[in-house]
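What follows is a short report on a single structure.
Nothing in this text is a laboratory measurement; each read-out follows from the coordinates by a stated rule. Small disclaimer: the values here were computed from a predicted structure and weren't measured. With ideal geometry, Cβ positions are generated from the backbone for all residues, glycine too; neighbour counts draw on all protein chains shown.
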């Protein structure tokens with residue numbers, strides 16, 4: 001299965017450094033300054049704004065549910081989920097519980113747009129560039145959109161919502177990089193990563209079904 005090239009993730013930089021686009025965080029109990037320090041370690045792979053990197057090898061973390069992110073770090077620590085690049089970091093010395101709480105909360109609050117906002121009035125090129133740097137758009141992936149939608153609605157919608165944007169603590173998979181999602185499908189199907197109802201969901205999933213679901217997800221942020 002050949003994957004299309006993915007858009008380069010963007011980083012929003014000001015004169016003072018990297019500025020995440022955060023949601024309403026005043027009611028959230030976490031140490032933002034500590035999270036920003038931790039994020040400098042994470043940014044090498046996942047980007048300064050959690051937008052992902054490596055052409056989609058390293059996933060977008062921005063906007064994913066805090067509890068989901070914390071659970072994945074726990075799984076990395078316990079080696080329930082094996083990921084070689086995470087091995088030096090997923091331990092209690094590098095990421096004690098309080099640090100896990102701070103960085104996962106911080107990342108969950110970052111909001112990245114999938115489309116450029118409409119230009120209103122006069123705006124210089126620099127300001128427009130700053131807007132563009134806050135946008136991550138997943139390129140369309142070729143596949144049978146109708147079959148992908150049918151499979152997704154039957155097997156995936158209950159947890160990830162009909163538009164793929166997640167539900168509760170279940171993560172958004174629309175707006176996630178196709179390369180990364182393809183690797184997760186492969187790991188679930190081969191039993192390398194655990195998933196609820198794993199056999200039912202992935203046991204009879206064909207390569208074409210995977211391709212078509214990826215195609216469907218790739219257009220949900222259009």
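With respect to residue 76, is the statement that it is without any contact (Cβ under 8 Å) to a residue 24 or more places away in the chain, out of contact with any strand residue (DSSP E or B) (no Cβ under 7 Å at 6 or more places or on another chain), within 29 Å of residue 31 (Cβ to Cβ) and surrounded by 14 or more Cβ atoms within 10 Å (Cβ to Cβ) true? Criteria met by residue 76.
The listed residues are 152, 180, 106, 188, and the only one of them that is surrounded by 14 or more Cβ atoms within 10 Å (Cβ to Cβ) and without any contact (Cβ under 8 Å) to a residue 40 or more places away in the chain turns out to be 188.
Every residue in the stretch 207-222 that is in contact with a helix residue (DSSP H, G or I) (Cβ under 9 Å, 6 or more places away or on another chain) and either over 21 Å from residue 163 (Cα atoms) or in a helix (DSSP H, G or I) (or both), please.
208, 209, 210, 211, 212, 213, 214, 215, 216, 217, 218
Taking the conditions exactly as written (touching a helix residue (DSSP H, G or I) at 6+ places or on another chain (Cβ under 7 Å) and either exposed (fewer than 12 other Cβ atoms within 10 Å of the Cβ) or touching a residue at least 40 places away in the same chain (Cβ under 8 Å) (or both)), does residue 96 satisfy them or not? No.
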